[in-house]
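In what follows, a single structure is set out as structure tokens and then discussed.
The values are calculated or read from the model by the stated rules, or taken from the named source; none is laboratory data. Since we're looking at a predicted model, the values are computed, not measured. Neighbour counts are summed over all protein chains in view; Cβ atoms, including those assigned to glycine, are modelled from backbone coordinates with ideal geometry. Ligands, DNA and RNA are excluded from the accessible area calculation, which covers all protein heavy atoms including side chains. Shrake-Rupley method; radii C 1.70, N 1.55, O 1.52, S 1.80 Å.
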Amino acid sequence: MVTTSSTVWNAVVLRTGKNAQDMLDTGVIVLFGEPVPDALSDICVVHNRGGRSPLPPERDLRPGDVFNLAGARYTIDEVGEAATSNLGDLGHVVLYFNSPDQSLLAGAIKMSGPQPQLPDQGAILTFEPASNKG
């Protein structure tokens, strides 16, 4: 069982933009913390960063870490050079699912796992350290 002390970053989903499913259909979820710019609100999964107040990740995200999307787990394959800082500053990161040939942008994370679904309002999002279980 994952405890709060082993979570690198977490948030609660507030809402999904009306065009977020179109993004997911291409294998992409765009996370953005409140307040989200109007120009991006329709394509984002909007969350409250770290609970009541914005919290940066506990450390840099790295390959092998796990993203938990409302109970589904994804292994991080690559992390863009600005992804962790953008997540801390804005709650913003672009997540590419099962897209190994996608060029990695500075603010993006590539991950692999089951086919993703958009999270419901109130769903928990977490980044967790790689498991030491072998």
Residues of the stretch 86-120 satisfying the condition of being small (Gly, Ala, Ser) and at pLDDT 95 or above: 106, 107, 108, 112, 113
Hits in the stretch 65-97 - residues which are assigned to a strand (DSSP E or B) and either of a type in the set (Asp, Glu) or touching a His at 6+ places or on another chain (Cβ under 7 Å) (or both): 77, 78
Selected residue [surrounded by fewer than 15 Cβ atoms within 10 Å (Cβ to Cβ), in contact with a strand residue (DSSP E or B) (Cβ under 9 Å, 6 or more places away or on another chain) and in contact (Cβ under 8 Å) with a residue 12 or more places away in the chain] from 60, 65: 60
Near pairs, Cβ below 6 angstrom, 6+ apart or cross-chain, from the stretch 89-107 (within 16 Å of residue 41 (Cα to Cα)) to any residue that is open to solvent by less than 70 Å² (accessible area, probe 1.4 Å) and of a type in the set (D, E, K, R): 91/49
Scope the stretch 73-94; condition open to solvent by less than 30 Å² (accessible area, probe 1.4 Å), in contact with a Pro (Cβ under 8 Å, 6 or more places away or on another chain) and of a type in the set (A, V, I, L, M, F, W, C); matching residues: 76, 87
Subset of the stretch 100-134 (residues that are surrounded by 18 or more Cβ atoms within 10 Å (Cβ to Cβ) and hydrophobic (A, V, I, L, M, F, W, C)): 108, 109, 111, 123, 125, 127
Given (1) surrounded by fewer than 16 Cβ atoms within 10 Å (Cβ to Cβ); (2) assigned to a helix (DSSP H, G or I); (3) of a type in the set (A, V, I, L, M), number of the condition residue 39 does not satisfy: (2)
